[in-house]
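Notes for the one structure printed next.
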Amino acid sequence: MAGRINDEDVKAVRDAVPIDAVVSEYLQLRNAGGGNLKGLCPFHDEKSPSFQVSPSKGLFHCFGCQEGGDTIAFVMKIDHLSFSETVERLAAQAGITLRYEEGGYNPSHQRGERIRLVEAHKIAAQYYVEQLGGAEAEIGRRFLAERGFDQAAAAHFGVGYSPAGWDHLTRYLRGKGFTDKELTLSGLSQEGRRGPIDRFRGRLMWPIRDISGEVVGFGARKLRDDDNGPKYLNTPETPIYKKGQVLYGVDLAKKDIAKSSRAVVVEGYTDVMACHLAGVTTAIATCGTAFGGDHIKILRRLLMDNGSARVIFTFDGDAAGQKAALRAFEDDQKFAAETYIAIAPDGMDPCELRLAKGDEAVADLVEPRTPLFEFALRQIVNRYDLETPAGRAAALDEAAPIVARIKNSGAQHEVAVELAGMLGILDTQFVVKRVAQLARWARDRGGRGPAQQPPQQHPAQAYAQSAPQPGSGGPALNLRSPAHRTERELLKLALQHPQLVSPHFDAYGADEFTAPPYAAVRETIAYAGGAEQGVQDPSGYLARVRDAAPDDMVRAMVTELAVEAIMRRTVDEVYGGEQLVQVRLRAVDRRVRDLQGSFARLGPHADPEQLTAAQNELWVLQQYGRALREGGADAL
């Protein structure tokens with residue numbers, strides 16, 4: 001096993017790789033105010049963005065599911081990597097050479113499994129690209145040219161060629177230090193009679209990259225008649241390749257998808273190439289599987305579930321294409337975006353259309369014309385005999401629930417009227433009422449669409465509702481309590497702007513915080529060196545506090561408070577002083593009440609010395625409280 005990574009190198013990696021740059025590889029971020037960014041959480045399904053990133057602090061936190069942490073924690077969570085694998089990947093991106101506490105520099109064969117498999121795919125992709133220029137690959141170059149793709153297009157998409165021999169790539173990767181076990185596990189090789197052989201032989205190769213741009217698999221196109229395999233052969237399921245969770249071309253399209261709030265879903269690798277070369281740079285495709293829920297999650301993060309966003313599906317006009325369109329419609333409600341379908345009149349796919357009619361025809365094809373729900377309705381209606389009352393009734397029974405699922409209530413009414421016309425039902429209001437009834441039933445069952453979502457809560461309120469209740473592992477917070485709100489604000493200042501509350505904050509005891517979770521955070525800050533540590537070492541302060549947390553619950557609270565926006569637009573020493581005074585003043589008032597209660601309990605027969613001590617303390621506290629009210633922070 002490799003040794004422990006040097007702590008200084010881990011810190012260097014954290015500092016070198018901006019968290020917003022890393023997170024932006026997986027989802028679209030937009031301004032959240034206060035220097036923070038927000039987006040749809042990649043760790044749970046949500047309609048409104050509650051996932052916040054603080055570039056200045058290097059932290060993220062989701063106010064919905066409570067996931068949070070730094071850059072390393074984000075990559076570990078989203079890509080299912082170990083700590084060392086994550087640090088190694090980020091270090092490679094930043095050009096940092098890591099040192100290990102045991103055994104010196106980490107040799108390649110000791111790296112984490114995922115890192116090794118990704119590296120093997122990267123080398124294989126380069127190898128295939130080099131082979132495309134050889135004499136044997138003439139058939140592959142001809143295939144591309146016949147479809148309108150020149151050498152520059154092939155290079156842009158990383159298209160390559162796998163030699164027809166049994167083990168050319170396998171031997172090449174062995175020479176690079178990869179073991180037979182790694183090659184088989186990666187899906188690049190498979191077991192033969194005498195050991196591993198190449199999985200892909202004599203085929204045109206498309207590298208399949210994940211959203212971060214790393215090659216995780218390949219799509220291989222048959223070229224020769226004597227190849228008995230399928231037309232397209234994809235990488236099998238591996239630790240790094242799950243066909244239902246990757247979209248071909250998303251690494252090239254993601255920025256334009258996010259920028260334009262539009263995505264075009266096509267059916268094949270050459271269709272993606274044709275679209276991009278025709279200027280439709282938001283085109284993507286699934287890899288040997290139907291468009292499904294995990295693909296939708298990827299797109300939703302890029303589209304930000306913007307109500308004006310559009311997803312356009314292009315399917316062949318044949319029966320299989322129509323069936324695929326109907327499958328896509330089944331997941332339509334998982335989008336906030338409007339969904340459309342584009343089918344060329346002559347049934348050509350984008351690649352064929354570009355060859356026949358040029359780039360403009362491809363760009364025109366994907367201009368949305370037919371909403372996906374309308375296409376689905378026509379497919380349903382066409383299956384029934386509308387000349388008979390029974391046929392019209394049966395078609396209405398199947399079609400009305402689809403109309404009821406339309407997100408926009410105004411559009412829902414209009415489409416219900418259109419449906420009546422399609423079915424030949426003269427009583428339009430009967431169809432409208434039927435659809436409205438189904439929509440109401442769906443809402444009553446909790447099936448609200450985006451238009452019916454409840455108002456978005458402040459993140460603090462969301463946490464208060466989701467915080468552990470007594471008996472469930474932790475105490476609840478009451479954000480309706482002025483004391484809790486002020487304590488929260490003071491802790492946020494101590495974590496985010498320690499210079500505004502130091503050195504006074506470090507003199508506050510944990511008992512001045514009435515909410516146990518806040519008291520735990522106060523103790524954690526003290527253990528990490530106090531707010532003064534944040535003034536002396538701003539870059540390492542938050543990491544130090546998070547490391548000092550006694551458990552994951554407190555660590556999550558620290559992250560949440562470090563990312564949550566301050567509740568005042570102008571954050572300065574005056575505001576910091578106000579929070580310091582409010583927390584201290586409430587602590588003084590609580591002690592005064594305690595002492596007054598003690599006097600009542602002591603009664604007339606109290607010990608004179610004990611009574612005098614309590615009276616003196618009460619007098620001092622009352623004077624201190626008066627000074628705080630009159631002098632503010634100057635009295636601290």
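For this structure, a couple of remarks:
- The residues neighbouring D364, those whose beta-carbon lies less than 12 Å from its own, together hold a net charge of 0 under the Lys/Arg +1, Asp/Glu -1 convention.
- P(r) weight above 39 Å for the chain, C-alpha pairs, percent: 48 percent
- Principal axis box of segment 12-140, alpha-carbon based, largest edge first, Å: 57, 46, 22
- Separation of the alpha carbons by more than 28 angstrom is noted, of K11/K297; K122/K297; K47/K122; K122/K181; K47/K243, for K11/K297; K47/K122.
- Legend: Rg and Dmax of segment 113-241, from Cα coordinates, 13.9, 41 Å.
- Acute angle (nearest 10 degrees) that the helix 516-527 long axis makes with the longest principal axis of the chain, alpha-carbon atoms: 90 degrees
- Taken about its Cα centre, the chain carries a charge dipole of roughly 700 debye when the Cβ of each Lys and Arg holds +1 and the Cβ of each Asp and Glu holds -1.
- Computed helical MRE - 222 nm, the chain, DSSP H runs ≥ 4 contributing -39500 (n - 2.57), nearest 500: -15500 deg cm²/dmol
- Cα long-axis angle, helix 7-16 against the chain (0 to 90 degrees, to the nearest 10): 70 degrees
- Neighbour-count ranking [beta-carbon atoms within 10 angstrom, fewest first] of R378, R194: R194, R378
- Listed by Cβ neighbour count within 10 Å, with the fewest neighbours leading, S162, S54, S48, S261 appear as S48, S261, S54, S162.
- Exposure proxy ranking for F315, F149, based on other Cβ atoms within 10 angstrom of each Cβ and starting from the fewest, stands as F149, F315.
- Taking every DSSP beta bridge that has both ends in the chain, the antiparallel portion is near 75%.
- Aspartates and glutamates with Cα under 15 Å of K255, excluding same-chain neighbours fewer than 8 positions away: D20, E25, D210
Since every read-out is calculated from the coordinates, none of them should be taken as a lab result. Predicted model only: the values in this text are computed from it and were never measured. When we count neighbours, we look across all protein chains shown, and the Cβ atoms used for this are built from the backbone with ideal geometry, even at glycine.
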